[in-house]
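Here the structure is laid out as structure tokens; the discussion comes afterwards.
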Amino acid sequence: EALEAMEKITTLVVDKTGTLTLGKPKLSVVQTLSGFDETEVLKLAASLEKVSEHPLAEAVVEGAKARGVEFTDVQGFESKTGMGLKGRVDGKDVLVGNERLLNQYGIKTDELIKTAEDLRRSGHGVMFVAIDGQPAGDLAVKDPIKETTKDAIQYFHQKGIEVIMLTGDNRLTASSVASQIGIDRFEAEVLPEQKNQFIKKLQA
């Protein structure tokens, strides 16, 4: 039955992290805006990420450990699905996540977006950090593409199957990954609950 159904498939929809990529992201760059110290920003962000279960959180925590950063306790930890994390670290209000998260708290992201652009174009995922209501810096994480991914995409193309990547990642990051592996189409900045809706639309 499954094989018969497979014969009728016209479109394959895939997630990015852990499917097309290794799912083992590594922290590669920490950038801060003027007035903020790199070690301090990483310490506050990594302390918050240490409480999280997300694979990107692990990358930040491991990256901070490798840089000899000490962690500190977190109060009032909150995980905002599809956006990021919020908590109080060292008496400071800390946010780590995407534009959506910072905008929700009225924090300007223009400067952070500008500094993140080149990183995203090279396939990095970028998280923004805000401290006490001020934009503080970016954390850039790179998740290597699996060696088998490109061949797998080509295989599906030969079978006449369209491959669509659905990801919560930023559009520039998604575009970079898609072009590296030859993917037909991608949808970026998709919230987890929107993924089902997208599939239903395709089926319809």
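For the range 59-92, how many residues are among the charged types (D, E, K, R) and out of contact with any Lys or Arg (no Cβ under 9 Å at 6 or more places or on another chain)?
Step one: of the range 59-92, the residues among the charged types (D, E, K, R) are 62, 65, 67, 70, 73, 78, 80, 86, 88, 90, 92.
Subset that is out of contact with any Lys or Arg (no Cβ under 9 Å at 6 or more places or on another chain): 65, 67, 73, 88, 92.
Number of matching residues: 5.
Pull up the range 154-174, narrow it to residues that are part of a helix (DSSP H, G or I) and open to solvent by 10 Å² or more (accessible area, probe 1.4 Å), then point me to the one that is nearest to LEU12 (Cα to Cα). Give the steps one after another, and end with the answer.
Start the filter on the range 154-174 by keeping residues that are part of a helix (DSSP H, G or I), which leaves 154-158, 171-174.
Those still in the list that are open to solvent by 10 Å² or more (accessible area, probe 1.4 Å) too: 154-158, 171-172.
Details: GLN154: 12, TYR155: 12, PHE156: 8, HIS157: 10, GLN158: 13, ARG171: 20, LEU172: 22 Å.
Going through the qualifying residues, I end up with PHE156.
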Q | Matching residues in the range 32-48 - criterion: being surrounded by fewer than 18 Cβ atoms within 10 Å (Cβ to Cβ) and not in a loop (DSSP other than H, G, I, E, B) | A | GLU38, THR39, GLU40
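Is there a residue in the range 8-30 that is in contact (Cβ under 8 Å) with a residue 60 or more places away in the chain, assigned to a helix (DSSP H, G or I) and charged (D, E, K, R)? Let's see the steps before the verdict.
Within the range 8-30, the first condition is being in contact (Cβ under 8 Å) with a residue 60 or more places away in the chain, and the residues that meet it are 9-17, 20-30.
Still in the running and assigned to a helix (DSSP H, G or I): none.
No, the range 8-30 contains no residue that is in contact (Cβ under 8 Å) with a residue 60 or more places away in the chain, assigned to a helix (DSSP H, G or I) and charged (D, E, K, R).
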Q.
The conditions are (1) closer than 19 Å to GLY18 by Cα; (2) modelled with pLDDT under 95; (3) surrounded by 14 or more Cβ atoms within 10 Å (Cβ to Cβ); (4) not hydroxyl-bearing (Ser, Thr, Tyr), and GLN180 fails exactly one of them. Which is it?
A. (3)
Q. Among ALA140, ALA188, which is without any contact (Cβ under 8 Å) to a residue 60 or more places away in the chain and open to solvent by less than 20 Å² (accessible area, probe 1.4 Å)?
A. ALA188
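Name the residue that is farthest from the chain's Cα centre (by Cα), counting only residues in the range 1-21 that are aliphatic (A, V, I, L, M) and open to solvent by 90 Å² or more (accessible area, probe 1.4 Å).
Going residue by residue through the range 1-21, those that are aliphatic (A, V, I, L, M) are 2-3, 5-6, 9, 12-14, 20.
Filter once more, keeping what is open to solvent by 90 Å² or more (accessible area, probe 1.4 Å): 3, 6.
On the way: LEU3: 34, MET6: 31 Å.
So, considering only residues that are aliphatic (A, V, I, L, M) and open to solvent by 90 Å² or more (accessible area, probe 1.4 Å), the one farthest from the chain's Cα centre (by Cα) is LEU3.
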(Q) Here is a check on your reading of the model: is ASP73 in contact (Cβ under 8 Å) with a residue 24 or more places away in the chain, at positive phi and not hydroxyl-bearing (Ser, Thr, Tyr)? (A) no
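The values are calculated or read from the model by the stated rules, or taken from the named source; none is laboratory data. Just so it is clear, the model here is predicted, and its values are computed rather than measured. A quick note on method: Cβ atoms are made from the backbone with ideal geometry, for glycine too, and the neighbour counts reach across all protein chains shown. Side chains are part of the model used for accessible areas, which takes the heavy atoms of the whole protein and leaves out ligands, DNA and RNA. Shrake-Rupley method; radii C 1.70, N 1.55, O 1.52, S 1.80 Å.
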